[in-house]
Amino acid sequence: MGLIRLYMTVSLDGYVAGPRDSVDEPMGVGGFRLFNWLDRRDDPGPSGQVFAEVMATRAVISGRRTYEHAGRWQGDHHDGVPVFVLTHHVPDDPPPGSIRYVTDVRECAAQARAAAGDGDVMVHGAGAAQALLRAGQLDELELHVVPVLLGQGRRLFDHLPAGQVELDLVRRLTPQVEEPAQRVTHLRYRIRR
Amino acid sequence: MSQAVLYMSMSLDGFIAGPDDGPGNGLGDGGHRLHEWFLTGAVTSHREVVDRLDGVNREVMDELMSAGAVVVGRRTFEFAGGWGGDHHDGVPIFVLSRREADAAMRWPAVTYVRDVADAVHSAKDAAGENDVLVRGAVTARLALAAGVLDELQIHLVPVLFGRGCRLFENMPPDHIELELVRALDGPGVQHLRYRVRTEG
């Protein structure tokens, strides 16, 4: 049985996008700074390894905002794997490509797990992550912590109830690259139940 | 060369205290979870805390305790009862405050300062070759904004709090570039040390 794992690039101060993110400016003001580490995604080393793991997932869960801001991935996130978009309101037009819309978070998690088979499910977007966390359906967190403070923007961890959730560090990968801006810390945690 | 270093235990979701922090509940509800990596049982002094640790966690706490001066916000200072006037080894303590000090919170090693840059500069002078320990979230944010914080030593604790008091809040929308200078895995905590980049 595969795992549902959040993959998210986040600044040290906890932001996944800069201020005023929109369809026209999907990462918000200055938010593309977070993705500098992806310049190394095809290199050998930790960042290449992590990116390859992302691309090996067999299903995707995304929030609606992330999905729209990403131009609906033209219907294909990677390799045509099923993409489950968690949304309050299903759009009128039929979903493109391998996209499916789901309104219930538990239903979404169950469908994604079934679709992934023995593979893992990748979660993308702060909204989907929060919904899965609240529903107790997230198994792991893989955060790519970028050495920058954005100051303002959209937070990854927000709108969560009070109450401590214990984690266990599964691994920490830190690439030894020359460029400090690309020296992210990949932290993977298992969520205790 | 003396560095001003923030040492702060933080949950993975960015909290440094639980909800409803206040006098007598300085870490908020459940906030003591963040200090479990170094606090084992009842202790009476910072030195005693360190003496009970070993390995990576000991190494990091030894660095903290080698600071030659402390800069702290008034709120953190008062919640801690002013550490009885002695944070460790009697080093000078500079308390950032806009108000006059209470008579009960005056000690020989304690100086009240209004401006964060003045506080850090005075502390560096007092610390000589040693580092300056910066304590408190508000003080850290003021020091960052004033460009006088040199490093952040984040003790990242594997827990989500959901609610509470965040380290990074009410900041201006300006990017501050950091450089990861060290990452250490201790039992129950990751120690991430960042240098604030001032060039380019």
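Rule-based calculations on the coordinates, nothing more; no lab input. The structure displayed is predicted, hence computed values, not measured ones. Cβ coordinates were reconstructed from backbone atoms using ideal geometry, including for glycine residues, and neighbour counts include every protein chain displayed.
When ranked by the protection proxy of mean other Cβ atoms within 10 Å per residue, highest first, what sequence do the peptides A:83-96, B:119-132 form?
Values: A:83-96: 14.8, B:119-132: 19.9.
Answer by packing, highest mean first, reads B:119-132, A:83-96.
Give me, ordered by chain and number, the residues 5 or more places off B:VAL113 or on other chains with an amide H under 5 Å from its own placed amide H.
B:VAL95, B:LEU96, B:SER97
Out of all DSSP beta bridges with both ends in the protein assembly as shown, state the antiparallel percent to the nearest 5. All intermediate terms of the calculation are to be shown ahead of the outcome.
Working: 35 of 79 bridges.
Just about 45 percent of them are antiparallel.
Under a point-charge model restricted to the Cβ atoms of Lys and Arg (+1) and Asp and Glu (-1), what is the dipole moment magnitude of chain B relative to its Cα centre, in debye to the nearest 20? Write out the running numbers ahead of the final one.
Details: 19 positive and 29 negative charges, 83 e Å.
The dipole magnitude comes to about 400 debye.
Over the alpha carbons of chain A, what is the largest minus smallest coordinate on each principal axis, giving the biggest first in Å?
Principal extents (largest minus smallest coordinate, Cα): 46, 38, 37 Å.
Could you work out the mean count of beta carbons from other protein chains within 10 Å of each residue's beta carbon in A:138-150? If you can, show how the numbers build up before the last one.
Details: counts 0, 0, 0, 4, 0, 1, 0, 7, 3, 11, 6, 12, 6.
Whole-number average of other-chain Cβ neighbours for A:138-150 is 4.
Looking at B:ALA123, A:GLY2, A:GLY14, which one has the Cα that reaches farthest to the positive end of the dipole of the protein assembly as shown (charges on Cβ: Lys, Arg +1; Asp, Glu -1)?
So the residue furthest toward the plus end is A:GLY2.
Let me test this: with uniform point scatterers at the alpha carbons of the protein assembly as shown, what is the Debye-based log₁₀ I(q)/I(0) at q = 0.08, 0.09, 0.14, 0.15 1/Å?
Treating every Cα as an identical point scatterer, log10 I(q)/I(0) equals -0.45, -0.56, -1.22, -1.37.
Which three extents, in angstrom, do the Cα atoms of segment B:140-180 have along their principal axes, listed largest first?
30, 23, 15
Most fluctuating residue of B:ALA80, B:ALA103, B:ALA145 in a GNM of chain B with Cα springs under 10 Å: which is it?
Judging by the Gaussian network model, the answer is B:ALA103.
Can you compute the charge dipole magnitude of segment A:91-188 about its Cα centre, using +1 on each Lys and Arg Cβ and -1 on each Asp and Glu Cβ, nothing else charged? Give it in debye, rounded to the nearest 20.
Numbers: 10 positive and 14 negative charges, 47 e Å.
Once rounded to the nearest 20, the dipole reads 220 debye.
Within 10 Å of each Cβ in A:8-14, how many Cβ atoms from other chains are there, averaged over the peptide?
Working: counts 0, 0, 2, 4, 12, 8, 9.
The per-residue average across the peptide is 5.
Pick from A:LEU38, A:LEU160, A:LEU141 the residue whose mean-square fluctuation is largest in a GNM of chain A, springs joining Cα atoms under 10 Å.
Highest fluctuation of the listed residues: A:LEU160.
Modelling each spin label as a point 7 Å along the Cα-to-Cβ direction, I'd like the B:GLU179/A:ALA135 distance in nm, to one decimal.
4.5 nm
Please report, to one decimal in angstroms, the Kirkwood hydrodynamic radius of segment B:132-200 built from all distinct Cα-Cα pairs. Walk me through the numbers on the way to the answer.
Details: mean 1/r = 0.0743 Å⁻¹.
Answer for segment B:132-200: a Kirkwood hydrodynamic radius of 13.5 Å.
Principal axes first, then extents: for the Cα atoms of segment B:4-85, list largest minus smallest coordinate on each axis, whole Å, largest first.
For segment B:4-85, the Cα extents along the three principal axes come out at 33, 28, 27 Å.
Measuring from label point to label point, each 7 Å out along Cα→Cβ, what is the B:ALA104 to A:ARG106 span in nm?
Here the modelled spin labels are 5.2 nm apart.
Once you average over the residues of B:148-160, how many Cβ atoms of partner chains fall within 10 Å of each Cβ?
On the way: counts 0, 0, 0, 0, 3, 0, 2, 0, 6, 2, 12, 6, 11.
Average neighbour count from other chains, rounded to a whole number: 3.
Could you work out [θ]222 nm for chain B from helices alone, using -39500 (n - 2.57) per DSSP H run of at least four and dividing by all its residues? Round to the nearest 500 deg cm²/dmol. Don't skip to the answer; put the middle values down first.
Working: 5 runs with 45 residues, N = 200.
That comes out to -6500 deg cm²/dmol.
So if I take the alpha carbon set of segment B:59-197, get Rg, then get Rh from the Kirkwood formula, what is the Rg over Rh ratio?
Working: Rg = 15.3 Å, Rh = 16.0 Å.
On the Cα set of segment B:59-197, Rg over Rh gives 0.96.
With a Förster radius of 51 Å, plug the Cβ-Cβ distance of A:VAL23 and B:ARG52 into 1/(1 + (r/R0)^6) and report the FRET value to the nearest 0.05. Each step should come with its number before you reach the end.
Values: r = 54 Å, r/R0 = 1.06.
The value I calculate is 0.40.
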